Amino acid sequence: MKKGLFESLRNYSESDFYPFHMPGHKRRVKNDGLGEIYRYDITEIDGFDNLHAPESILKEAEERAAELYCSEETYYLINGSTSGILSAVSAVAGRAQGLIIARNCHRAVYHAAFLNHMELYYVYPEIIDEYGIAGPVTAEGLECLIKEILRKAGTESEKAGELIAGAVVTSPTYDGVSSDIRKIADLLHGYGIPLIVDQAHGAHFGLHPAYPENAVKEGADMVIHSVHKTLPAPTQTALIHRNGALTDGETLKKYLRIYQSSSPSYVLMAGTDESIRIAKEEGLQRLEQLLHLRKEFLKKISVCRYIKVCPFTEPGKLIISVIGTSMTGQALYDILRDQYHLQMEMASASYVTAILTMMDEEEGLKRLAHALIQIDQDIIEKEDQDRFSDFTQRPAKRLNIWEAYAVPFLEVGLDQAEGGTAAEFINLYPPGIPILVPGEVFDRELIREIQFYLESGYTVQGIFEHRVRVVKSPQLHGMEDCYEKNKDYLYHRTGK
């Protein structure tokens with residue numbers, strides 16, 4: 001069996017080769033801990049291949065990943081899933097101007113549309129009201145949208161591919177909800193439309209029968225996996241897979257060269273290769289053990305009166321809900337962190353998210369169960385709690401994203417923004433899914449939702465000292481007084 005990338009790096013670090021090349025630390029930093037990392041940090045020297053034109057050791061590593069996921073082509077991403085999403089969307093952008101996306105896509109998808117001047121068509125996920133989370137995207141919803149696009153264009157279904165370059169669906173979502181990718185892929189392929197699946201949170205899919213299948217095997221044309229999210233890999237590592245005749249491999253590789261660093265980290269790539277090895281050799285056993293730990297955890301917290309775990313997610317996610325009580329998701333998040341030293345992945349309006357991976361241990365889930373049982377005893381029921389479910393509001397669009405994101409803007413108080421056109425993304429982080437996209441209109445309900453998140457202590461991006469950015473437009477959209485009061489806050493994209 002051929003050596004993996006990490007083993008080759010270790011052997012090289014123990015050799016007597018002296019580095020008259022980058023990086024500048026020369027593998028000789030003696031700092032405890034970091035020094036060990038520097039030993040393996042090299043550049044593209046003889047024997048270690050080139051990520052942008054792999055022929056040997058990196059090509060073999062990518063082939064091992066392709067074999068695990070049953071992909072025709074797999075490429076390493078060292079700029080995270082973001083670079084994969086940008087590359088995938090750009091690779092199909094030349095087919096047509098329109099792009100269908102699930103509204104709960106990551107902001108990187110919107111950035112890709114901005115860079116390629118693409119017209120966005122939204123398919124909205126179903127809502128799981130009981131837990132206040134976004135449900136799956138359905139093939140039926142997609143078909144209705146495609147037919148509406150065709151109707152407005154006055155054209156036949158055979159020409160759908162001339163209007164729509166592709167479709168992007170996130171599955172699983174940040175909350176662990178999966179869509180029927182096989183059914184969606186079959187529908188889109190019937191119209192000649194390629195499917196891109198942001199499966200960043202599903203790199204473990206397909207490794208155990210209790211988990212969903214991976215999107216490659218379900219027929220998606222391009223799939224992005226963040227191996228660092230659910231496999232034992234370093235932060236910033238990911239994969240992109242390409243399959244079928246609806247996308248072009250050379251075009252994808254062109255954009256990967258554009259969006260990825262020309263100086264890739266061998267430490268990150270070795271971590272990716274190791275995570276693929278662990279997933280292949282130990283994934284089934286480790287995920288089986290995780291299922292057992294999750295089952296025991298759910299049994300323990302079944303005594304809780306108010307705290308409950310959403311049953312509609314894949315086993316790698318715990319959506320811990322306090323909906324219908326006096327406690328917010330942010331408050332639960334803070335208590336778990338500050339009092340119990342349990343760091344959750346994120347907080348939303350009425351729940352927190354915990355990620356479980358094949359590397360979790362019994363101690364962690366025992367501590368979490370103990371903490372939740374204690375917290376539940378102090379919760380008070382409240383029927384009139386403000387509830388904000390993802391994507392129940394559908395903002396009106398006044399400008400295309402590339403128009404609104406590239407013009408002069410004003411900064412106005414949030415309470416003065418009603419009727420204005422957003423000039424910046426507004427989103428909670430995590431997960432980085434936009435509440436409002438540049439070009440969309442601030443209305444009263446959206447402002448109220450944003451104010452709720454701010455007052456509850458959530459991290460809201462796109463707010464600048466309690467001011468938001470609105471497009472400076474000649475029409476003023478009926479906001480003459482607001483613009484006059486804030487004329488000192490006029491900015492151009494290149495500065496004030």
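Brief remarks on what is shown
- Test result for SER87, within 21 Å of HIS228 (Cβ to Cβ) and either without any contact (Cβ under 8 Å) to a residue 60 or more places away in the chain or touching a strand residue (DSSP E or B) at 6+ places or on another chain (Cβ under 9 Å) (or both): yes
- The set of residues in segment 292-325 being in a loop (DSSP other than H, G, I, E, B), open to solvent by less than 70 Å² (accessible area, probe 1.4 Å) and either under 19 Å from GLU361 (Cα atoms) or not hydrophobic (A, V, I, L, M, F, W, C) (or both) consists of TYR306, THR313, GLU314, PRO315, GLY316, GLY324.
- Tally, over segment 1-55, of residues that are among the small types (Gly, Ala, Ser) and within 17 Å of LEU77 (Cα to Cα): 1
- The sole residue among GLY80, GLY132 that is open to solvent by less than 20 Å² (accessible area, probe 1.4 Å), out of contact with any Phe, Trp or Tyr (no Cβ under 8 Å at 6 or more places or on another chain) and on the phi > 0 side of the Ramachandran plot is GLY80.
- LEU145 vs. criteria open to solvent by less than 50 Å² (accessible area, probe 1.4 Å), in a helix (DSSP H, G or I) and within 22 Å of ILE433 (Cα to Cα): yes
- Count of segment 349-394 residues, restricted to those that are under 30 Å from GLU445 (Cα atoms), open to solvent by 100 Å² or more (accessible area, probe 1.4 Å) and modelled with pLDDT of 90 or more, is 0.
- Within segment 13-66, restricting attention to residues that are β-branched (Val, Ile, Thr) and assigned to a helix (DSSP H, G or I), the residue that is surrounded by the fewest Cβ atoms within 10 Å (Cβ to Cβ) is ILE37.
- Subset of segment 125-158 [under 18 Å from ARG182 (Cβ atoms) and in contact with an Asp or Glu (Cβ under 9 Å, 6 or more places away or on another chain)]: PRO125, GLY135, PRO136, VAL137, THR138, ALA139, GLY141
- One residue from GLN343, GLN285 being in a loop (DSSP other than H, G, I, E, B), free of Cβ contacts under 8 Å to residues at least 24 places away in the same chain and over 25 Å from ASP180 (Cα atoms): GLN343
The values are calculated or read from the model by the stated rules, or taken from the named source; none is laboratory data. Because the structure is a prediction, the values reported are computed rather than measured. In this analysis, Cβ positions are derived from the backbone assuming ideal geometry, glycine residues included, and neighbour counts consider all displayed protein chains. Protein only, heavy atoms only, side chains kept; ligands, DNA and RNA dropped before computing areas. Shrake-Rupley method; radii C 1.70, N 1.55, O 1.52, S 1.80 Å.
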